[in-house]
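Colleague: Below is one structure. I have some questions about it.
The values are calculated or read from the model by the stated rules, or taken from the named source; none is laboratory data. Note that the structure is a prediction, hence the values are computed from the model and not measured. Heavy atoms of the whole protein, side chains included, go into the accessibility calculation; ligands, DNA and RNA do not. Shrake-Rupley method; radii C 1.70, N 1.55, O 1.52, S 1.80 Å.
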Amino acid sequence: MIGQLVAMVGSLLVLVAGIGVVRVDDPMSRLHALTKASTLGVVLVLLGAALFLDRPNDWTSLLLAAALQLVTSPVSASLISRSTYLATGEPTPEDLDEALGNEIED
(Lines give C-alpha, C1' and ligand atoms only; values in the text may rest on other atoms or scores of the structure.)
Protein backbone atom coordinates (compact mmCIF):
# COMPACT_ATOMS: atom_id res chain seq x y z
CA MET A 1 0.00 0.00 0.00
CA ILE A 2 2.78 2.45 0.88
CA GLY A 3 4.72 1.60 -2.28
CA GLN A 4 1.67 2.26 -4.43
CA LEU A 5 1.06 5.59 -2.71
CA VAL A 6 4.67 6.71 -3.21
CA ALA A 7 4.50 5.68 -6.89
CA MET A 8 1.25 7.62 -7.30
CA VAL A 9 2.79 10.78 -5.84
CA GLY A 10 5.77 10.35 -8.18
CA SER A 11 3.53 9.94 -11.20
CA LEU A 12 1.64 13.09 -10.24
CA LEU A 13 4.93 14.99 -10.09
CA VAL A 14 5.82 13.74 -13.57
CA LEU A 15 2.39 14.94 -14.74
CA VAL A 16 3.01 18.37 -13.18
CA ALA A 17 6.37 18.52 -14.97
CA GLY A 18 4.68 17.76 -18.29
CA ILE A 19 2.06 20.44 -17.72
CA GLY A 20 4.81 22.89 -16.75
CA VAL A 21 6.68 22.24 -19.99
CA VAL A 22 3.56 22.89 -22.06
CA ARG A 23 2.39 26.00 -20.22
CA VAL A 24 5.67 27.92 -19.76
CA ASP A 25 7.01 30.00 -22.64
CA ASP A 26 10.65 30.61 -21.73
CA PRO A 27 13.05 27.75 -22.61
CA MET A 28 14.96 28.06 -19.34
CA SER A 29 11.76 27.94 -17.31
CA ARG A 30 10.64 24.90 -19.28
CA LEU A 31 13.90 23.18 -18.49
CA HIS A 32 13.57 24.06 -14.81
CA ALA A 33 10.03 22.69 -14.65
CA LEU A 34 11.06 19.54 -16.45
CA THR A 35 14.20 18.68 -14.51
CA LYS A 36 13.09 19.46 -10.97
CA ALA A 37 9.67 17.83 -10.90
CA SER A 38 10.39 14.94 -13.25
CA THR A 39 13.58 13.92 -11.45
CA LEU A 40 11.83 13.75 -8.11
CA GLY A 41 8.83 12.07 -9.73
CA VAL A 42 10.88 9.34 -11.39
CA VAL A 43 12.80 8.70 -8.18
CA LEU A 44 9.55 8.40 -6.23
CA VAL A 45 8.07 6.02 -8.80
CA LEU A 46 11.18 3.83 -8.62
CA LEU A 47 11.18 3.96 -4.83
CA GLY A 48 7.51 3.00 -4.76
CA ALA A 49 8.19 0.08 -7.06
CA ALA A 50 11.10 -0.99 -4.84
CA LEU A 51 8.82 -0.93 -1.79
CA PHE A 52 6.24 -3.02 -3.63
CA LEU A 53 8.66 -5.73 -4.81
CA ASP A 54 10.02 -8.38 -2.49
CA ARG A 55 13.32 -9.63 -3.99
CA PRO A 56 16.60 -7.89 -3.09
CA ASN A 57 17.78 -8.08 -6.71
CA ASP A 58 14.80 -5.98 -7.76
CA TRP A 59 15.47 -3.43 -5.02
CA THR A 60 19.06 -2.93 -6.02
CA SER A 61 18.18 -2.51 -9.69
CA LEU A 62 15.53 0.09 -9.00
CA LEU A 63 17.63 1.98 -6.46
CA LEU A 64 20.55 2.02 -8.91
CA ALA A 65 18.26 3.46 -11.57
CA ALA A 66 17.10 6.14 -9.10
CA ALA A 67 20.69 7.00 -8.19
CA LEU A 68 21.64 7.31 -11.86
CA GLN A 69 18.65 9.58 -12.43
CA LEU A 70 19.77 11.84 -9.59
CA VAL A 71 23.33 11.97 -10.90
CA THR A 72 22.68 12.51 -14.60
CA SER A 73 19.66 14.83 -14.61
CA PRO A 74 21.39 17.95 -13.19
CA VAL A 75 24.35 17.50 -15.51
CA SER A 76 22.19 17.15 -18.61
CA ALA A 77 20.05 20.12 -17.56
CA SER A 78 23.15 22.25 -17.18
CA LEU A 79 24.47 21.27 -20.59
CA ILE A 80 21.12 21.82 -22.29
CA SER A 81 20.65 25.22 -20.65
CA ARG A 82 24.15 26.32 -21.65
CA SER A 83 23.64 25.27 -25.25
CA THR A 84 20.24 26.98 -25.32
CA TYR A 85 21.80 30.17 -23.98
CA LEU A 86 24.54 30.08 -26.59
CA ALA A 87 22.08 29.31 -29.40
CA THR A 88 19.40 31.89 -28.57
CA GLY A 89 21.15 34.53 -26.48
CA GLU A 90 23.62 37.10 -27.63
CA PRO A 91 26.82 35.77 -26.12
CA THR A 92 29.84 37.98 -25.83
CA PRO A 93 33.20 36.85 -27.26
CA GLU A 94 34.30 36.03 -23.69
CA ASP A 95 31.35 33.64 -23.31
CA LEU A 96 32.25 31.90 -26.54
CA ASP A 97 35.92 31.63 -25.59
CA GLU A 98 34.97 30.19 -22.21
CA ALA A 99 32.58 27.68 -23.80
CA LEU A 100 35.25 26.55 -26.24
CA GLY A 101 37.85 26.23 -23.50
CA ASN A 102 40.12 28.97 -24.85
CA GLU A 103 42.17 31.17 -22.58
CA ILE A 104 40.86 34.72 -22.29
CA GLU A 105 43.63 37.20 -22.96
CA ASP A 106 43.46 40.72 -21.51
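Colleague: Stretch VAL71-ASP54 to full length: gain in nm at 0.36 nm per residue minus the Cα-Cα span?
Modeller: 3.5 nm
Colleague: How much solvent-accessible surface does ILE19 expose, in Å² to the nearest 10, with a 1.4 Å probe and all protein chains in place?
Modeller: Only protein atoms counted, so the area is about 90 Å².
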